[in-house]
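Asker: Please read through the structure below; I'll follow up with questions.
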Amino acid sequence: GHIVLSTLHTNDALGAIPRLLDMQVESFLLASTINILVAQRLVLARGQTDTTSLQLDHFLFDPLYGPQEIQWFVSPSSALSLEFDDQTRLVRLHAPASASLWEQLRVTATNPDGQTATAAIEVFVNAGPQLAADLGPVAFAEDQPFTWPLDELASDPDAGTARLQWQFAAPPEL
């Protein structure tokens, strides 16, 4: 036999089955040809007090074995604080508060037959833009144009203010 590794764009691992059916793959072939489906996800966070959690059960579909029968290995990270609970198959990532980074975690799943699948999970740590704490009252003359220097009201340590996009909401009378 041959091992074929391929990528398929879906929202999660289980979404690969209907996607393959949409691609005209005969349904009777799926159970006999798919060993493991693995999903990957991009995580965004920086300096948050809470953690980002990944439930590995959502990343895998094995047509013969349930999630509790799969052995998992998660590569260690030099930049992220990582906790892995092999009983619940939950990975908790703590992002550093002082740095933006792009880290790649390798996750390997092995079923009882010894078949393995490895996926890379790209973790990008980013700080979001920060608005000035107190914008204060805004006063301007009626029927006169008003210019507000938005770049002075925000900061973004990773992207800079030139890359920010702004949205405003105001009552129709303004």
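Asker: How much of the accessible area of the range 82-174, probe 1.4 Å, is carbon plus sulfur, in whole percent?
Answerer: 50
Asker: Excluding Pro67 itself, calculate the net charge of residues whose Cβ lies under 10 Å from the Cβ of Pro67, where each Lys or Arg counts +1 and each Asp or Glu counts -1.
Answerer: -2
Asker: Each label point is 7 Å from the Cα along the Cα-to-Cβ direction; what then is the distance between the points at Gln87 and Phe146, in nm?
Answerer: Spacing of the two 7 Å Cα→Cβ label points: 5.8 nm.
Asker: Same structure, new question: Could you give the radius of gyration (one decimal) and Dmax (whole number) of the Cα atoms in the range 80-167, in Å?
Answerer: 22.4, 76
Asker: Tell me, in nm to one decimal, what length is gained between Gln130 and Leu64 on full extension, where the rule is 0.36 nm per residue of separation less the Cα-Cα distance?
Answerer: Taking 0.36 nm per residue and subtracting the Cα distance, the gain is 18.9 nm.
Asker: Could you give the length gained by full extension between Leu14 and Phe73, i.e. 0.36 nm per residue of separation minus their alpha carbon distance, to one decimal place?
Answerer: 19.2 nm
The values are calculated or read from the model by the stated rules, or taken from the named source; none is laboratory data. A quick note: this is a predicted structure, and the numbers were derived from the prediction, not measured. All Cβ positions, glycine included, derive from the backbone under ideal geometry; neighbour counts span all protein chains shown. SASA here: full protein model, heavy atoms, side chains in, ligands and nucleic acids out. Shrake-Rupley method; radii C 1.70, N 1.55, O 1.52, S 1.80 Å.
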